[in-house]
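Undergrad: Here it is, the structure in full.
Here, each number is a calculation from the coordinates, and none is a lab measurement. For clarity, every value in this text was computed on a predicted model and none was experimentally measured. So basically every Cβ, Gly included, is an ideal-geometry build from the backbone, and we count neighbours across all protein chains shown.
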Amino acid sequence: MAEHKVTFNHQAEPVVVKSGTLITEAARLAGIEINQPCGGQGRCGRCVVQVIDGKVRQRSALRLSAEDISLGYCLACQSIIEGDISVIVPEQEKIERRLVTDRTAVEVEPPLGYSPEYHQSLKRYFLSFAEPNYEDQTDDLSRLQKQLRVELGFKDVEIPLSLVRKIGSALREGNWQVTVYLNVNGSNESEPHVCMVDVLPFHCESDSPMWGAAIDIGTTTVTLWLVDLWTGVVHAQVSEYNAQIRRGEDVISRIIYADKEGGLQELQQLVVGTINQLIELACKRVKHYPVQPEDILKLTVAGNTTMMHLFLGIPPSYIRLAPFIPTFNQAPFLRAREIGLSANPHAIVDCLPGVASYVGADITAGVLSAGLDDTQKLTLFLDVGTNGEMVLGSKEWLVTCACSAGPAFEGAGVRDGMRATSGAIEEVWIHSETYEPSYRVIGGGKPRGICGSGLISLLAEMFMTGVIDKAGNLNTQLSTSRIREGEHGMEYVVAWGEETQHGKDIVITRVDIDNLLRAKAAIYAGFLVLAQSVGVPLEETEQVLIGGSFGKYLNIEKSIQIGLLPDLPWEKFNFLGNTAVKGAYFALLSQENRERIREIASKMTYIELSADNTFYEAFMSAMFLPHTDMSRFPSVLGAFQTANKLSVQT
Amino acid sequence: MPVEVPKEKWPGSVRTITLGALPAEGGTRKRVVTVGGETAMPFMHFEGEIPYPPVVAIEIKDRKPDDWSPLLLETWRDVIDDPAQWAAAAEEAGADLIVLALSLTNRDGNPTTPEEAVASVKAVLAATGVPLIVFGPGQAEADNALLVAVSEATKGERLALGICEDKNYRTIVATAMANGHLVTARTPMDVNLAKQLNILISDMGLPLDRILMDPTTGALGYGIEYGFSVMERLRLAALQGDKMTQLPMIVTPGFEAWKAKESKVGEGVPKAWGDWLNRAINWETLTAMTLVESGADIVVLRHPESVRRVKAAIDELMAAKAFVS
Amino acid sequence: MALSGIQIYKLLPQTNCKECGFPTCLAFAMKLAAKQVELSACPYVSEESKAQLQESSAPPIRLITLKSDGYEIKAGNEVVMFRHEKTFYNKPGVFAKIKTSAAEADVKELAGRINDYRVNYVGIDLEVDGIAVEDDARNADKMQKTLSVIRSVSKKPVMLFSDNVASIEAGLSQLSGETPLIGCADSENWEKFAELAKQSKAALAVIADTLDGLAELSEKAKAKGVEDLVLVPKGKNLGHELILQSQIRRLALKANFRSLGYPTLAFCQTHAQIAQAIAKYAGFLVIDQFAEELVYPLLVLRQNIYTDPQKPIQVQPGLYEINNPQPTDPVLVTTNFSITYFSVANEVEGSGLPAYLLVADAEGMSVLTAWAAGKFDAERIAKAVKAANLDTRMSRKRLVLPGAVAVLSGEVEAELPGWEIRVGPREAVDIPKFYKQVLQVN
Ligand code: SF4
């Protein structure tokens, strides 16, 4: 049989192998370690190498893009040597960037063509007055009002008492030259609603920043972007845990807490405290400009309906009681002072509108930032948090629902779960013959636990390798010490104590697996019910947009393998990161966008899942890996059968 | 103007499954029983094939049961202490199949041993010519221990071994696979769970034509509507081409109906319930017939009179083919 | 054919003006598709759309109502072949037979028993709906007499069956102001029957052994002006009856075949016929023999099959005592879904172990469904504990949660200070084992 020379990493001495040898075997001969976490099955894509000279026959190119393939990349465990070749084994880190199924959130830039004069509701005017004298006895306020009327055409400007108090000194200190900030709200046809936000005793630079903030109050995390409303540029992005967490991890327990004596007030103060902290932090982060919290003149706030109620100190009790009617979906404009925010006391606080008790302003804002209301494509939008909220539709119509997925994908409610921070296992591979796992840790050190992405990946690998059956039962008949009887039933050891930060084993238990199954089943069932409610097959979805707090990335392939996401081609998925704050940012910049959110809220049709058994049916059929109806997951079925060498029974 | 009836042409069909093996096939049965093969909803002879009639099994125990209705104990009084005689009497009463349900404990109150289980099974096989279904006592450990012994001792008989459930199926499936038997897969009245268990079992490598599915039913008054609709839905799915539901269905209306207070209790009940014995038999008959109408291929009964009535009804349902072709 | 929500939406103004009481036109369209609202709630539907929508919502099976003083029995208006697709709506009326050949005293006794029969099933009183008089004597006087005797003890609706039109006429004379069913009209005598039905406003049963025959009769009767028709398909045996009943239902629903768009009636002699008639499409049943031990299971079966599959039967929330429990025995919590309740109660009862079964109001859902829908949470459980006064009633406060909602244990603990919260098994069958191993009770 023919023999071929194989050179690795430009080594001087090539190894000689028989025709038909795999690159991985040749590498072993050359003394080069190629990582094969999945056991050489072409599943994980971690053994990618680059053939820079010569040709190989590829049995499978799963996970490689067309561009990769044209550059000579191939999977070492799937590539057969049929001639002399020269191979480069890239560093592990570079490989990970090449993998095509990870989706990382994109960065923000101001919308194209943003113009503060045209789009922005917050206006800045420089006014100059003739000094009063004995003839002209007009009082300061009337003088100001007249100017606003005559020069700017605003007949009825709302000026709060505390600003009236400031007028006299501002006019005189500024030597009858002042800058006024007005919020002009309304369309062209009707009389706009105008209110004064501040008056400053000087004319400032005409292009100096006007500060605003976009806020998303999440159940777990609060995010704030500090924005120059003049240019639209985001100068700081900060986030912090919602301090309410210590009063309950999910929405329901917060509502219960709010019902207790003094609870509502406390929760309101906690979240306002968190926001004030973020305002301060954001101001410090801004380079080139000295910014103070009082400089912030306008804030838009997104958040789920419960968070909005708590933020405004409105009792949320009725949200959780059938038929789930919130006190408000759309709040009036407020001033920062009324809520206790540390921004300018007169700053406009614009709470974005929601749709229903379980579909809040975070979703309407998300829909805006994902552009769902403006696309011809049938789009599925998913926001994964403690509640899984989703929207299906396009320009024509939008339907939405929310299902309680539980916090498993945020790393909570799972024995060794944690948030996606340093020390979290974020991806796992299991060897298909030895059942030994390997994993990647955020920050690179020893692991402390497993985050949401890691759990998805772990569940997928356990399923594909047969560590668990399709119902999630651990297979006790496998010969590995990693499957064992634990304190709470069977469990699988992901990392032994000696490998971990805290010296304890990191495991996933049967109970954890059930929790994950429920979480993914609830979300997928939500998709199905939405699709069914309007009578379109889920498979016809043209794009899937995902927002939420998964950390910074989500592995689409593994999410499909466990049946969390529908089995569509990978390129139809996009991970958008925190869509709620982005939507709030768009609304902060432009009245048009703000109006669009209102339209979205009034156009979305909310589907109540508890109204009948449809959701339960869909939920039960999704409580399986990947799904009871396997025809919904053809790609997974194929991969599973290859991995387990099963043939299709006919 | 003649009425034209729209006909359903289903893409799928139910698998055909044979229970029991003749001597030539490695077993000892005088008769085998074949079920399944339907290409239409129950008895819709005008639009598809119903090649095999639903069959009736009689359930017996390996010893006198502790918790059966006194009416049943009276009916089987002469044979109830001997599974072989009981089985023979059941065959006499018209059973197409025997279901032998093993007890958790033996006559003396000690756990039933694998040897005892094997002895009961062999005695029943020797006393009858019809195929046999063996159910474990319903506790995972005992089921596994007893059924493995039974399975090995009767290699080649094509028994059906039960009950596989989602939490305990591997051992039973493995031994059935090794010894040429079938299994019954039971799930609690849910279409999805039924499908899921079939998938799990077939993932182990047992061919689908060796699985009977038991979607469970409630008795009349105790959730029969769930059993009824789940069976209709499973059968519709099978006909629509869903492979994992194309299995013949076995249900145990006898067990369910005789558990009901209406069958178990004769005194201190409302007068409107009527005569006890007739009521109890009616309870079993109506439960069974409703399930036959919804797609059952094997119904497991307990009282000879209901067996007679159900078999007579099945004959009529099958005979209707002559009137529409 | 019924339209889907999106199809209806396309016919609506799509302005989301909210005047119909729904937040969007699509929401309104979905409710319309589910037949939960009237089209008239939207003031802005165009005439054209209105016509289209009304056409699609005409019932394919005519609703027939039999009436007597204070009673109404409905049949028809069904929309599905299989109950899981939506539900079966009108329970088939059950009529027990009385023959005109019977002695007067016997008629009176039997009519009284039929009339007074009442049995309680899960809190509902079930009754026989009426009496079918069979004129086996073929005698108008007897018919008249029989009915007057019946009317002396029962006001329930009646059916009159005879091939002698004079008998029917005589019977009707006793039933002024009522809507009975008369029949059965066949290809020979249909004309006289139709005339009589039209005059007396009775519903008319037509009988034939083929679909062609039935369709022909119903068309002729309709041409004569009789609208309220009931079809009696006379099968050659049980299986043939099943096929005819199925074909009639299918033609009405799937082919919109108007001549067979009426409810059917089945005469039942055997148990199998009864089960089949209830499960497979009869609008009325006439039973040959009235016997308590048969009527009871029959009425229960009818109740079960005609339960809305979307709305399961519920049991009364509250505290149930099983096997004489003492204040030191455990309290098991479950939901008020009847199947869940029965499986737990049966298991505990069968095991002989004492327990309090606390049934929380979870709107009739099973444990997992209720949990997923937020209807079975710590607050509801705590509420049930308080409602049952368990704080004072129990000396040892031990609460066992269903294993499927182990996640709730922390919250329940927080809601119920002083209680020992245990997580029980996921399946009811494991309760005895749980008692022994975890609660250490034997
Ligand atoms: S009233 Fe008519 S137009 Fe207005 S929202 Fe309802 S359906 Fe739409």
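Undergrad: Taking Cα pairs under 8 Å and at least six residues apart, what relative contact order does chain C come out at, in percent? If you can, show how the numbers build up before the last one.
TA: Numbers: 847 pairs, mean separation 49.5, N = 442.
Relative CO of chain C lands at 11 percent.
Undergrad: Under a crude label model (7 Å from the Cα following the beta-carbon direction), how far is A:VAL286 from A:SER635 in nanometres?
TA: 4.4
Undergrad: Hey, what does the equivalent ellipsoid look like for the stretch C:5-57, semi-axes from the Cα gyration tensor as sqrt of 5 times each eigenvalue, largest first, whole Å?
TA: Whole-Å semi-axes of the equivalent ellipsoid: 15, 12, 10.
Undergrad: Shielding by partners for B:185-196, please: the mean number of other protein chain Cβ atoms within 10 Å of each residue's Cβ.
TA: Averaged over the peptide's residues, the number is 4.
Undergrad: Would you calculate a helix-derived [θ] at 222 nm for chain A, using -39,500 (n - 2.57) for each DSSP H run of n ≥ 4 and dividing by the full residue count, to the nearest 500?
TA: Numbers: 18 runs with 192 residues, N = 650.
It comes out at -9000 deg cm²/dmol, rounded to the nearest 500.
Undergrad: Name the lysines eligible as straight-distance cross-link partners of A:LYS166: C-alpha to C-alpha under 18 Å, and not fewer than 8 places from it in the same chain.
TA: Within reach: A:LYS146.
Undergrad: Continuing with the same structure: Output the peptides C:8-18, A:411-421, A:296-306 sorted from most to least packed, where packing is the average of other Cβ atoms within 10 Å over each peptide's residues. Before the final figure, lay out the partial values.
TA: Numbers: C:8-18: 17.1, A:411-421: 20.3, A:296-306: 27.7.
Ranking, from highest mean packing down: A:296-306, A:411-421, C:8-18.
Undergrad: Still on this model: FRET efficiency for B:ASP209 and B:ARG77, Cβ-Cβ distance as r, R0 = 35 Å, nearest 0.05? List each step's numbers first, then the result.
TA: Values: r = 40 Å, r/R0 = 1.13.
Efficiency computed from Cβ-Cβ geometry: 0.35.
Undergrad: Let me ask something else about it. Would you mind getting me the FRET efficiency between B:ALA24 and B:LYS122? Use the beta-carbon distance for r and R0 = 22 Å, nearest 0.05. Mind dumping the intermediate values first?
TA: Working: r = 20 Å, r/R0 = 0.92.
For R0 = 22 Å, the calculated efficiency reads 0.60.
Undergrad: On to the next question. Between the stretch B:240-285 and the stretch C:146-198, how far is it from one alpha carbon centroid to the other, in angstrom?
TA: Centre-to-centre distance over Cα atoms comes out at 38 Å.
Undergrad: Given the protein assembly as shown reduced to its alpha-carbon atoms as identical point scatterers, what log10 I(q)/I(0) does the Debye formula return at q = 0.05, 0.06, 0.08 Å⁻¹?
TA: Scattering profile of the protein assembly as shown, log10 relative to I(0): -0.49, -0.69, -1.12.
Undergrad: Which length gain, in nm to one decimal place, applies between C:SER152 and C:GLN437 when the Cα-Cα distance is subtracted from 0.36 nm times their residue separation? Show your work: numbers first, answer last.
TA: Details: separation 285, 0.36 × 285 = 102.60 nm, distance 6.39 nm.
Here the answer is 96.2 nm.
Undergrad: Need the list of lysines near B:LYS243 for cross-linking: C-alpha distance under 23 angstrom, and skip anything on the same chain fewer than eight residues off.
TA: The qualifying lysines are A:LYS470, A:LYS645, B:LYS7, B:LYS9, B:LYS167, B:LYS195.
Undergrad: Give me the Kirkwood hydrodynamic radius of chain A in Å, from all C-alpha pairs, to one decimal place?
TA: Numbers: mean 1/r = 0.0364 Å⁻¹.
One over the average 1/r among Cα pairs gives 27.5 Å for chain A.
Undergrad: Among all the lysines, which ones have a C-alpha under 19 Å from A:LYS284's C-alpha, if same-chain residues fewer than 8 places away are not counted?
TA: A:LYS298
Undergrad: Still on this model: How tilted is helix A:161-173 with respect to the longest principal axis of chain A? Cα atoms for both, answer in degrees (0 to 90, nearest 10).
TA: The angle comes out at about 70 degrees.
Undergrad: Quick one: check the C-alpha center-to-center distance for the stretch A:118-148 versus the stretch A:1-38, whole angstrom.
TA: About 83 Å separates the Cα centre of the stretch A:118-148 from the one of the stretch A:1-38.
Undergrad: On average, how many beta carbons from a partner chain sit within 10 Å of the beta carbon of a residue in A:531-538? Please report the intermediate quantities before stating the final value.
TA: On the way: counts 0, 2, 6, 7, 6, 2, 0, 0.
Neighbouring Cβ atoms belonging to other protein chains average 3 per residue here.
Undergrad: Still on this structure, please answer the following. Using Cα atoms only, what is the angle between the long axis of helix A:579-589 and the major principal axis of chain A, expressed in degrees (0 to 90) to the nearest 10?
TA: 30
Undergrad: Just how many % of Cα pairs in the stretch A:345-390 lie over 11 Å apart, if you round to the nearest whole percent? Mind showing how you got there, number by number?
TA: Working: 737 of 1035 pairs.
Every Cα pair in the stretch A:345-390 considered, those over 11 Å come to 71 percent.
Undergrad: Moving on. Tell me, what is the percent relative contact order of chain A, built from C-alpha pairs under 8 Å that lie six or more residues apart?
TA: Values: 1409 pairs, mean separation 76.1, N = 650.
For chain A, the relative contact order is 12 percent.
Undergrad: Also, quick follow-up: Once you put a point 7 Å from the Cα of A:GLU151 and another 7 Å from the Cα of A:SER394, both along the Cβ direction, what distance in nm separates them?
TA: With each label placed 7 Å out from Cα toward Cβ, I get 5.1 nm.
Undergrad: How far is it, in nm, from the label point at C:ALA105 to the one at C:GLU19 when both lie 7 Å from their Cα along the line to the Cβ?
TA: Each label point is offset 7 Å from its Cα along the Cβ direction, giving 7.2 nm.
Undergrad: Here's a follow-up. Alpha carbons only, please: Rg and Dmax for the stretch B:19-317, in angstrom.
TA: 18.1, 56
Undergrad: Pairs of alpha-carbon atoms within less than 8 angstrom and 6+ residues apart define the contacts here; what relative contact order does chain B have, in percent? Before the final figure, lay out each step's value.
TA: On the way: 683 pairs, mean separation 67.9, N = 325.
21 percent.
Undergrad: Ranked by Cβ crowding within 10 angstrom, fewest neighbours first, how are A:ILE85, A:ILE217 ordered? Can you show the working numbers first?
TA: Numbers: A:ILE85 24, A:ILE217 29.
Ranked by crowding around the Cβ, least crowded first: A:ILE85, A:ILE217.
Undergrad: Another question about this same structure. Applying a 10 Å radius around every beta-carbon, put A:439-445, A:29-35, C:128-134 in order of their mean neighbour count, most first. All intermediate terms of the calculation are to be shown ahead of the outcome.
TA: Numbers: A:439-445: 16.7, A:29-35: 14.4, C:128-134: 24.3.
The peptides rank, most packed first, as C:128-134, A:439-445, A:29-35.
Undergrad: Sticking with this structure for a sec: Just tell me how shielded C:267-276 is by partners: mean number of partner chain Cβ atoms within 10 Å of each residue's Cβ, no decimals. Let's see the in-between values first.
TA: Working: counts 0, 0, 0, 6, 12, 14, 3, 5, 13, 7.
Per-residue shielding by partner chains comes out at 6.
Undergrad: Now, a different point. Set the Förster distance to 60 Å, then compute FRET efficiency between A:ARG165 and C:LYS383 from the Cβ-Cβ distance, nearest 0.05. The partial results should precede the final answer.
TA: Values: r = 52 Å, r/R0 = 0.86.
The formula returns an efficiency of 0.70 here.
Undergrad: List, in the order given, every pair from C:LYS31/C:LYS224; C:LYS91/C:LYS201; C:LYS74/C:LYS234 whose Cα-Cα distance in the structure shown is over 30 Å.
TA: Values: C:LYS31/C:LYS224 38 Å; C:LYS91/C:LYS201 23 Å; C:LYS74/C:LYS234 22 Å.
Flagged as over cut-off: C:LYS31/C:LYS224.
Undergrad: May I pose another question? C:TYR121 label point, 7 Å along Cα→Cβ, cut-off 17 Å on backbone N: hits in the stretch C:244-284?
TA: C:271-284
Undergrad: With a 10 Å radius around each residue's Cβ, average the other Cβ atoms per peptide and rank B:188-194, C:135-141, highest first.
TA: With the highest mean Cβ count within 10 Å placed first, the list reads B:188-194, C:135-141.
Undergrad: Which whole-angstrom value gives the distance between the alpha carbon centres of the stretch C:269-325 and the stretch A:551-610?
TA: 48
Undergrad: Would you check the stretch A:496-639 for Lys pairs whose C-alpha atoms are within less than 28 Å, ignoring same-chain pairs closer than 8 in sequence, and give me the count?
TA: 15
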